[in-house]
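Okay, so here's the structure we're looking at.
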Amino acid sequence: MTFTLLHKDKHSKARLGKLKLFHGEIDTPVFMPVGTQASVKSITPDELYDIGFKIILSNTYHLYLRPGVEIIANQGGLHKFMNWKNNILTDSGGFQIFSLSELRKFKDDGVEFSSHIDGSKHFLTPEKVVKLQEQYGSDIAMVLDECIQYPCSEKEAEKAKNLTFDWAKRCKAVHTLKTQLQFGIIQGSVYKNLRKASTDEITSLNFDGYAVGGLSVGEPFDLRNEVLDYSVEWLPDNQPRYLMGVGTPQDILYGVMFGIDMFDCVLPTRNARNGQVFTYNGAINIKSAIYKNDSSPIDEKCNCYTCRNFSRAYLRHLYKAGELLALRLNSIHNLYFLNKLILDIRQAIATDTFLKFKDDFLKNYKF
Ligand SMILES: [Zn+2]
């Protein structure tokens, strides 16, 4: 299981790579749809594969609370349980504890929190998070980190960075599953000195790949890009770099420009369920009355199942009538659109025209 850097764009830090994982090779840059509860909402594994996805993300926190690790392990692991034959990355649960749980307390030895489902109390340690992901049998596991909110003081950010390093060491020490890669996570909020220190600390542990964590938590877009630019610069060239929880077309294009290889986000599927669908001219809301009698597809240039077969008028009707098919068709389109964007990005990097591609795309894409 290795990462091969295949090509670097001549005019930016964008790069093409190949990541060999236990359930097959993936090309990078890559976008991973999110299957929070061992399901990418409303889409079957076959449909995901047919769209072009070979890796998805699933959430350790959600699966730990429901159905519980014993059931997944008894059913032969996460791949078998959900009948997904390709790769799975599992996160550590740190971000969900940070964002979903009302009562949480970060202590030196772990994090105490109450379930967002029934309020029951739980305590997760770095070691337990590693074991959970080994029992799920995911192909890439993330270490437990403390994702700190924005804004925060430098002192708070430093404390979270130190705890993240301590937990990373403990995660590394107990990881034994040979078929699973383990990625470290860089923290440090928006403080350059802390980001540098965190990068030095985490990379000294020799993980299989690295995530730039603690971004997309409310900071302005320009500040995020500034942090991302220098953070990626300090990471080893020959290992995969992952930007967690980021997934608008604009975010992906900027991430790729700074040298990010992997992305995940709930956005394409969550927005689809709210009627918001991507087009090459920006996202539109299919609920809008202007599409009431519109016989064109969501996007003329899109070749997805939804666009090949259905009009905006029909999709709007389904949505307004509360039909389940609306959620499925919108999700299929948004996932296809993002995967096509990734394919086009790869093609542009291969021909050293990425920056032109990015500028042309964003010129038409209205926010
Ligand atoms: Zn489409």
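All of the numbers you see were taken from the coordinates with simple rules; none came from a lab. Nothing here was measured: the structure is a model prediction, and the numbers come from that model. FYI the Cβ positions are ideal-geometry reconstructions off the backbone, even for glycines, and counts take in every protein chain you see.
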Using the per-residue mean of other Cβ atoms lying within 10 Å as a proxy for protection, in what order, highest first, do the peptides 283-296, 41-54 fall?
-> 41-54, 283-296
Farthest towards the positive end of the dipole of the chain, among 258, 271, 167 and with Cβ unit charges of +1 on Lys and Arg and -1 on Asp and Glu, lies the Cα of 271
Label-point separation (nm) for residue 226 and residue 250, each offset 7 Å from Cα along Cα-to-Cβ?
-> 1.8 nm
Of the beta bridges DSSP finds with both residues in the chain, what % are antiparallel, to the nearest 5?
-> 45 percent
What is the magnitude of the charge dipole of the chain about its Cα centre, with +1 placed on the Cβ of each Lys and Arg, -1 on the Cβ of each Asp and Glu, and no other charges, expressed in debye to the nearest 20?
-> 700 debye
In whole angstrom, note down how far apart the Cα centers of segment 81-109 and segment 13-55 are.
-> 18 Å
Just the number, please: percent antiparallel of the DSSP beta bridges in segment 22-129, rounded to the nearest 5.
-> 60 percent
At most 12 other Cβ atoms within 10 Å and a DSSP loop assignment: could you name the GluC sites (Glu not before Pro) in segment 88-177 that fit?
-> 102
Taking the Cα centre of segment 71-227 as the origin, how large is its charge dipole in debye, to the nearest 20, when only Lys and Arg (+1) and Asp and Glu (-1) carry charge on their Cβ atoms?
-> 360 debye
Segment 338-352-segment 203-233 distance, computed between alpha-carbon centres (Å) = 22 Å
Residue among 2, 30, 284 farthest towards the positive dipole end of the chain, charges placed on Cβ | 284
Between the DSSP loop rule and a limit of at most 16 other Cβ atoms within 10 Å, which trypsin sites (Lys or Arg not before Pro) in segment 75-121 are left?
-> 85
Dipole of segment 267-367 [Lys/Arg +1, Asp/Glu -1 at C-beta], most positive-end residue of 321, 306, 339 | 321
